[in-house]
Amino acid sequence: MALEWRLRQVMAERGIWTGAELIRLMEEKAGYSLSAPSISLLLSNAPKQVKADTMDALCTALDCNPSDLWRHKPTFVNHRQDTTTIVKSKVANDRLPPI
């Protein structure tokens, strides 16, 4: 499973181009402050974890949902055949194949 961190894209969609702007919005709209280095880390790398308070402040400041900030991209696709299809294809004349 892979999660894509989309903070920069969400900011750009809202015309927010700098970490300083994001810091100001978080303080004004959510009453929450993060240091410039913390914001810089969020902007440059996908975090391994995000505190609930930080996620709430980001979503409040950006008027978005957590699902806007994270996008799931499945990395495993199961290519097995459906077993009912296999059994049906082997059944002829309403008789089951020998065991």
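The values are calculated or read from the model by the stated rules, or taken from the named source; none is laboratory data. The structure displayed is predicted, hence computed values, not measured ones. Neighbour counts run over all protein chains shown; Cβ positions are idealised from the backbone, glycine included.
Can you tell me which residue in segment 59-81 is nearest to LEU25 (Cα to Cα), limited to those that are outside any loop (DSSP other than H, G, I, E, B), at pLDDT 90 or above and not polar (S, T, N, Q)?
Going through the qualifying residues, I end up with ALA61.
If you scan segment 29-53, which residues turn out to be in a helix (DSSP H, G or I), in contact with a helix residue (DSSP H, G or I) (Cβ under 8 Å, 6 or more places away or on another chain) and of a type outside the set (Gly, Ala, Ser)?
Of everything in segment 29-53, those that are in a helix (DSSP H, G or I), in contact with a helix residue (DSSP H, G or I) (Cβ under 8 Å, 6 or more places away or on another chain) and of a type outside the set (Gly, Ala, Ser) turn out to be LYS29, ILE39, LEU42, LEU43.
Output the qualifying pairs, or none if there are none: Cβ atoms under 8 angstrom, residues six or more apart or on different chains, first residue in segment 27-44 and surrounded by fewer than 14 Cβ atoms within 10 Å (Cβ to Cβ), second residue assigned to a helix (DSSP H, G or I) and among the acidic types (Asp, Glu).
Close Cβ pairs (under 8 Å, with a partner that is assigned to a helix (DSSP H, G or I) and among the acidic types (Asp, Glu)) amount to SER33/GLU27.
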